[in-house]
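We did not get these values from a lab; they are worked out from the coordinates using the rules stated. The structure displayed is predicted, hence computed values, not measured ones. Note that we place each Cβ from the backbone using ideal geometry, even for glycine, and neighbour counts take in every protein chain shown.
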Amino acid sequence: MDIRLSEQSDAAGIWEIFQQVIASADSYVFPQDADQALFQKHWMKYRPIVATENEQIVGSYIIKENQMGLGNHIANGSYMVHPDHHGKGIGKKLGQHSLELARARGFKAMQFNIVVATNAPAVALWKKLGFRIIGTTPKAFRHPQHGYVDAHIMYRDLQHD
């Protein structure tokens, strides 16, 4: 697997993953019928990183400032793996790569603002990569099967590993 900065020619492959991941409505707040404009504004704007296998895009992530101005020293990341490639360790590799990239970009920490509590694989992965739950927002996410579910705020210091 190769992990690299995306190129404009990767947009269609990333869009395919984006559409499939948000269609499940179980881990992202994006509307299930999100269009290309939303995709460009909330994903491609940040020049995503892609994971490829045999020249096929199998995952992507973005790193951005969690807050502007005086809060811009903390990174925020979002990750998507093509559903056909779940369980292959791609998410873990993207997570590890993003921690290195965030450090290289000068971020002091990384925070995820909404990790859906029912998304057990994501919660477990982030804990394995050193994140801890620093807060939980009750009923913050409308899950299609479980109704209103909690969302965790997860945090990891990048300076003191």
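Data overview
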{"item": "Using a Förster distance of 22 Å, the FRET efficiency for D2-T137 (Cβ separation, nearest 0.05)", "result": "0.05"}
{"item": "Estimated [θ] at 222 nm from DSSP helical runs (n ≥ 4, -39500 (n - 2.57)) normalised by residues in the chain, nearest 500", "result": "-8500 deg cm²/dmol"}
{"item": "For the stretch 48-73 and the stretch 88-149, distance of Cα centres in Å", "result": "13"}
{"item": "5 angstrom amide H check on S78, placed H, neighbours 5+ away", "result": "I62"}
{"item": "Estimated inter-spin distance, D157 and K92, nm [label 7 Å along Cα→Cβ]", "result": "2.5"}
{"item": "Matching label, Rg/Rh (Cα atoms, Kirkwood Rh) computed from the structure shown, candidates [x] 0.94; [y] 0.97; [z] 1.16", "result": "[x]"}
{"item": "Dipole magnitude of the chain about its Cα centre (Cβ charges: Lys, Arg +1; Asp, Glu -1), debye to nearest 20", "result": "620"}
{"item": "From phi via Karplus (6.51, -1.76, 1.60), per-residue ³J(HN,Hα) for the stretch 104-118 in Hz, x at Gly/Pro", "result": "4, 7, x, 6, 8, 7, 10, 9, 10, 7, 8, 10, 4, 4, 7"}
{"item": "Distance in nm between pseudo-label sites at K127 and E55 (7 Å out along the Cβ direction from Cα)", "result": "4.2"}
{"item": "Whole-Hz couplings from phi, Karplus 6.51/-1.76/1.60, listed for the stretch 9-16; x for Gly and Pro", "result": "5, 7, 4, 5, x, 5, 4, 4"}
